[in-house]
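Undergrad: Following this message is one structure expressed as structure tokens.
The values are calculated or read from the model by the stated rules, or taken from the named source; none is laboratory data. These figures come from a predicted structure and were not determined experimentally. As a convention, Cβ positions derive from the backbone with ideal geometry for all residues, glycine included, and neighbour counts pool all protein chains shown. Note: accessible area is taken over every heavy atom of the protein model, side chains too, but ligands, DNA and RNA are not part of it. Shrake-Rupley method; radii C 1.70, N 1.55, O 1.52, S 1.80 Å.
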Amino acid sequence: MMNPGSLRLLMALALLCVGAPGIAQQPRFKVLAFYSANLEPDHVQFAEDALKFFAARATSDNFRLDSTTNWEDMNDAYLKAYQVIIWLDDSPTRAEQRRAFERYMENGGAWLGFHASGYNDKDTNWPWFVDFLGSAVFHINSWPPLPAKLVIDDRTHPVATGIPDSYESPANEWYVWKPSPRLNKNVRILVTFDPSNYPIGLKDVLARGDLPVVWTNTKYKMVYMNMGHGDKIFTSPVQNTLIENAVEWLLSPPGQVKEF
Ligand code: ZN
């Protein structure tokens, strides 16, 4: 028989465990964010803001967030511990790093890429990545960063859950892609720049045209978001929800999409 004192102690310990789920629970999943800190300051600023944003979500939503500026961590042994890889402001340049990322994605890994991480041009020399992005090649950009009205293209997609049909996205440098990823049959465009924003920019003015902002290539578990320039990106609660939705959707098994 346990004496009453021991029983009380045991119950107190059990209550402590219930009251401190962080101690008792394993993280639901692990996220690894890559970024570079030696770039255009506005891109580094975004990366630092994003790390704070995701760190807060990691605590509230019970996942583990790791981050690195060492792109040599883009290797099989390192990547396999993570369910989602995020690129905040850059992409790998070395062949071995690129091959490791290709293997990761082709074996069911998930990727969320922001802004400059999707930048590619004639000197990038990574055809696999262009295909992965839905054939999108950087064409031109707006300048300076300005807010813009965005519209949800695909109301049925889980990333749009809880997002109004349109919203004001905080100041960003907007990229135009040529060819547009909308022309790729594997791409599902999720969010588009509203034509009412045109003309946008002062130094570099965008006057017209189709401008997809968020999309997924359905051949992979991936989402690209053009947001990612400067210190305003996380000032919109609506857009923050969109970003959280993207992470949760990337983790959802096919047919078992989780919702917030
Ligand atoms: Zn930028």
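Undergrad: How many residues, within the range 206-238, are away from the ligand (no atom under 16 Å from the Cβ), farther than 20 Å from K149 by Cβ and not β-branched (V, I, T)?
TA: Matching residues across the range 206-238 total 5.
Undergrad: Filter the range 124-136 down to residues that are assigned to a helix (DSSP H, G or I) and over 19 Å from the mean Cα position of the chain (by Cα) and give me whichever is surrounded by the fewest Cβ atoms within 10 Å (Cβ to Cβ).
TA: Looking at residues that are assigned to a helix (DSSP H, G or I) and over 19 Å from the mean Cα position of the chain (by Cα), I get P127.
Undergrad: In the range 137-172, how many residues are in a loop (DSSP other than H, G, I, E, B), over 13 Å from T192 (Cβ atoms) and open to solvent by 20 Å² or more (accessible area, probe 1.4 Å)?
TA: 7
Undergrad: In the range 33-43, is there at least one residue being assigned to a helix (DSSP H, G or I), open to solvent by 50 Å² or more (accessible area, probe 1.4 Å), within 26 Å of L146 (Cβ to Cβ) and modelled with pLDDT of 95 or more?
TA: So the first thing to find is which residues in the range 33-43 are assigned to a helix (DSSP H, G or I), and the list is 41-43.
Next, from what is left, pick out any that are open to solvent by 50 Å² or more (accessible area, probe 1.4 Å): 41-42.
Among the residues that remain, those that are also within 26 Å of L146 (Cβ to Cβ) are: 41-42.
Among the residues that remain, those that are also modelled with pLDDT of 95 or more are: 41-42.
Yes: one or more hits.
Undergrad: Next question. Checking Q45 against (1) over 14 Å from the mean Cα position of the chain (by Cα); (2) away from the ligand (no atom under 16 Å from the Cβ); (3) closer than 20 Å to F234 by Cα: exactly one of these is not met. Which one?
TA: (2)
Undergrad: Could you grab me the full set of residues in the range 218-228 that are more than 16 Å from F193 (Cα to Cα), surrounded by 20 or more Cβ atoms within 10 Å (Cβ to Cβ) and not charged (D, E, K, R)?
TA: Residues of the range 218-228 more than 16 Å from F193 (Cα to Cα): 218-223.
Still in the list and also surrounded by 20 or more Cβ atoms within 10 Å (Cβ to Cβ): 221-223.
Result: M222, V223.
Undergrad: Select from the range 171-205 the residues that are within 16 Å of the ligand (Cβ to nearest atom) and either among the polar types (S, T, N, Q) or under 17 Å from the mean Cα position of the chain (by Cα) (or both) and list them in ascending order.
TA: Across the range 171-205, the qualifying residues are N172, E173, W174, Y175.
Undergrad: Restrict the check to the range 55-68 and report whether at least one residue is within 14 Å of the ligand (Cβ to nearest atom) and not in a helix (DSSP H, G or I).
TA: No, that holds for no residue.
Undergrad: Would you check which residues across the range 69-96 are part of a loop (DSSP other than H, G, I, E, B), closer than 16 Å to H43 by Cβ and within 14 Å of the chain's Cα centre (by Cα) and list them?
TA: L88, D89, D90, S91
Undergrad: Here is a further query. Which ones in the range 181-217 are open to solvent by 50 Å² or more (accessible area, probe 1.4 Å) and either over 21 Å from S117 (Cβ atoms) or touching a helix residue (DSSP H, G or I) at 6+ places or on another chain (Cβ under 6 Å) (or both)?
TA: Listed by number, the residues that qualify are L183, K185, P195, S196, P199, L202, K203, V205, A207, R208, D210.
Undergrad: If you don't mind, there's one more thing I want to ask. If G209 meets every condition in (1) within 21 Å of the chain's Cα centre (by Cα); (2) at pLDDT below 95 apart from one, which number is that one?
TA: Here G209 meets the rest and fails (1).
Yes or no, residue by residue, for (1) at pLDDT 95 or above; (2) touching a helix residue (DSSP H, G or I) at 6+ places or on another chain (Cβ under 6 Å); (3) closer than 22 Å to W174 by Cα:
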site: Y224; (1), (2), (3): yes, yes, yes
site: G228; (1), (2), (3): yes, yes, yes
site: K232; (1), (2), (3): yes, no, yes
site: T235; (1), (2), (3): yes, no, yes
site: T241; (1), (2), (3): yes, no, yes
site: S252; (1), (2), (3): no, no, no
site: E259; (1), (2), (3): no, no, no
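Undergrad: Among the residues of the range 97-123, what is the count of those that are touching a residue at least 24 places away in the same chain (Cβ under 8 Å), open to solvent by 30 Å² or more (accessible area, probe 1.4 Å) and not in a helix (DSSP H, G or I)?
TA: 2
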